[in-house]
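Presented below is the structure to which this report refers.
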Amino acid sequence: MENIIRNLIIEHSNELFGSQIEAKQVQFQLTRKEFEGDLTLVVFPFVKLLKTSPDLAATKIGTFLQEHLSEIKSFLVVQGFLNISLTENYWFSELKKIAKSENFGYQKANSKGTIMVEYASPNTNKPLHLGHLRNVFLGYSVAEIQKANGYKVVKTQIINDRGIHICKSMLAWERFSPLNEKGERETPENTGLKGDKLVGKYYVIFDKEYNAEAKLIIESWENGNFDGFSEQVKAEFLKFEEAKIGKTENAIIDLSAKIKELAKNQTTLMRDANEMLMKWEARDPQIYLLWTTMNSWVYKGFDVTYKTMGVDFDKIYYESETYLIGKEVIEEGLAKNVFFKKDDGSVWIDLTSDGLDEKLLLRSNGTAVYMTQDVGTAIDRFKDYPDLEGVTYTVGNEQDYHFKVLFLILKKMGYSWAESCYHLSYGMVELRNDQGEIGKMKSREGTVVDADDLMDEVVSSAKKMTQERGHLEGMTEIEKENLYRQIGMGGLKYYLLKVDPRKSMAFNPEESIELNGNTGPFIQYTYARIQSLLGKANKIEAISEVSINADEKELIKLMVLFPSILQESGKENSPALLINYTYDLVKSFNQFYHNVPVNAEENAALRNLRLILCDNVAKIVKNAMKLIGIEVPNRM
RNA sequence: GGCCCCGUAGCUCAGCUGGAUAGAGCAACUGCCUUCUAAGCAGUAGGUCACACGUUCGAAUCGUGUCGGGGUCACCA
């Protein structure tokens, strides 16, 4: 409707204003609830052209529009705002359009090009935690939203399965795992532990053991004992110690950290881990077998978690397979002089002319760094999917700089598709402690919220609360368990996705399981109420003309907005827009539900219209929540 | 320190391509279940939109500066 009016005004702008106007000068907003009207035209931009008062200008435009458009019932001018009321026929025709389409607001599937959405991409040494939940739910939802907007979407993740950190857990497992009575080391099978948890456990053990070893080394250095260490190490240590003299407390802490770093690199554990990495790169069969085995444990564990999360992937990339591509490309770039080599053999790119720094691409020993593999992975992806129109990387905002550099490198390498790469940069999840203070999650301080544990908790909390107040008569145990899961997971997803993804957010455990107010269960509850209502109703007939009240019109108005909200949330990569919209719709529905009878309405035509409203609100709620990854139950 | 992001009610967040009296939820207080699920609805109270200046008919929204918070500046990933 806005467009029809806008075009009409532009078409007749000479006649109305005596000059040609642009589309953006014609601004609309929904009429605020306290005024009568449906649509509001802001007339201030035209006041100057007409050289008259805002009210007179508005009246002139209003009169003109009413003469030309039959959909306009009336208009009112308030303080320079032209409030337009549309006819009931117009609203009925809109409702009919909504009712006709099963997936109202969705674009035709695969009508647009292919895009790739990367999310999750965990480190194989650490079980998934709260931060991953935001990442995974966000990435999944964005992928689903893009699908609904007509794109063909490839959901992907890159698995960080290579490098020194992997060797750390492998080494710790070989060295520190106790043997059982059969002489076997710990496995997921003989311990019952989830594979990712078991491997994560050994990563922590490595960290502990090698910190302990480093501490002993520092002690012996401090006592002047450098037996077994090179002159170079000794010199470095003494240099740091000397630098401490007369420095501020902070500088001393800094220097101590450097000493610790030096000592860590001298530990036998670190040396052995490095040796293992070399063997891995040389495809040593024994190491490779161990690597494959332990990785398979991790993947099995992650799969369980992803299943609980309700997410999936179409294609998985492994750094162990793409880092070599990256290395080749770096060589290529070196030949093309995009990169340069320093005396020690390390390869860099100079981005100072772009306002950035120099960035390392290959270590002096020729091994790949993070950036190397990301370059390789990107290229691999566009090779696998030649018609790819874009890649969205769902990665936390602490890596903003990394992606800026990555895309710039790809561009400088001459890949035209570099422009279509997009970093969906989301904010941190901060944790609330008992005092209400906000803190960061740190694995070393034990403040990490494990993803599996958290999901278990929200589901069991949903179970408890649903048993207290739910309507569960006649449901089987399986149905009940499924309901608890839907409510618990729905609440968690809603809680993590309702805020703008770009902003950092506070995680409050109590709020995340809340059932009242702006929560997932509130949406689900409303949906269940509608289903209950529809279940008791007669068959729905075609719409016949009746007079509608403000509550009913409000619902149609909100439903009409859904397609543009869906597009916007796709454009912005923001599930939050969809959630906030659904909340508004549901809130309005509950007012409607409270204010007017549906099945008890005696006028058959009106009852039928209200049923149509209920049915379509439910349809939109269900379709919107599906894109968030939230299921809506028929009963709760 | 350089660069990036953020600052709206006690708390968590909407609103930001400039538009009417800045909105929700939670927490507090009040009402409403002999009509369709009270996980609901209605109401009271709560604001110098961090601060200052500027642009404009009009600024929470745009610009500049200040203050406060976070991130990042690794031969880690």
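No value in this document is a laboratory result; all are computed from the given coordinates. Just so you know, these numbers come straight off a predicted model, no measurement behind them. A quick note on method: Cβ atoms are made from the backbone with ideal geometry, for glycine too, and the neighbour counts reach across all protein chains shown.
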Just subtract the alpha-carbon distance of A:Asn89 and A:Thr114 from 0.36 nm times their residue separation and send over the number in nm, one decimal. 5.0 nm
Can you pull the one-decimal nm distance between simple spin-label points at A:Ser460 and A:Asp400, each 7 Å off the Cα toward Cβ? 4.0 nm
In whole µm²/s, the translational diffusion coefficient that Stokes-Einstein assigns to the stretch A:456-628, given a Kirkwood hydrodynamic radius over C-alpha pairs, 4 °C and 1.567 mPa s, equals 75 µm²/s
Let me know the whole percent of all Cα-Cα pairs from the stretch A:36-75 that are separated by more than 14 Å. 46 percent
Checking the stretch A:78-145 for GluC sites (Glu not before Pro) in a loop per DSSP with at most 11 other beta-carbon atoms within 10 Å yields A:Glu102
Please identify the trypsin sites (Lys or Arg not before Pro) of the stretch A:134-231 that satisfy two criteria: DSSP loop assignment and at most 15 other Cβ atoms within 10 Å. Which are they? A:Lys182, A:Arg185
Estimated distance in nm for a label pair at A:Glu189 and A:Asp453, the labels positioned 7 Å out from Cα along Cα-to-Cβ: 2.9 nm
Please identify the trypsin sites (Lys or Arg not before Pro) of the stretch A:226-298 that satisfy two criteria: DSSP loop assignment and at most 10 other Cβ atoms within 10 Å. Which are they? A:Arg283
Need the full-extension length gain, A:Asp584 to A:Lys208, defined as separation in residues times 0.36 nm minus the C-alpha distance. One decimal, nm. 130.3 nm
Enumerate the amide H contacts of A:Gly390 below 5 Å, restricted to partners 5 or more residues apart or on another chain; note that Pro and chain-start residues carry no placed amide H. A:Met116
Would you calculate the separation in nanometres between label points at A:Gln66 and A:Asp387, each defined as 7 Å from the Cα along the Cα-to-beta-carbon direction? 5.3 nm
For chain A, take the longest principal axis of its alpha carbons; what is the angle in degrees between that and the long axis of helix A:575-595, to the nearest 10 within 0 to 90? 40 degrees
Quick check: the distance between the Cα centres of the stretch A:49-68 and the stretch A:366-404, to the nearest angstrom? 54 Å
Charge context of A:Asn295, other residues only, Cβ under 11 angstrom, K/R +1, D/E -1: 0
Report the one residue of A:Leu289, A:Met270, A:Tyr299 whose Cα lies farthest in the direction of the positive end of the charge dipole of the stretch A:185-311 (charges on C-beta: Lys and Arg +1, Asp and Glu -1; origin at the Cα centre). A:Tyr299
Whole-Å semi-axes of the stretch A:2-86's equivalent ellipsoid (Cα gyration tensor): 18, 14, 11
Pairs A:Lys73/A:Lys587; A:Lys194/A:Lys279; A:Lys126/A:Lys404; A:Lys503/A:Lys553; A:Lys24/A:Lys155; A:Lys168/A:Lys215: which exceed 30 Å Cα-Cα? A:Lys503/A:Lys553; A:Lys24/A:Lys155
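Can you give the alpha-carbon Rg of chain A over 2.2 N^0.38 Å, where N counts its residues?
Its radius of gyration relative to the 2.2 N^0.38 Å reference: 1.21.
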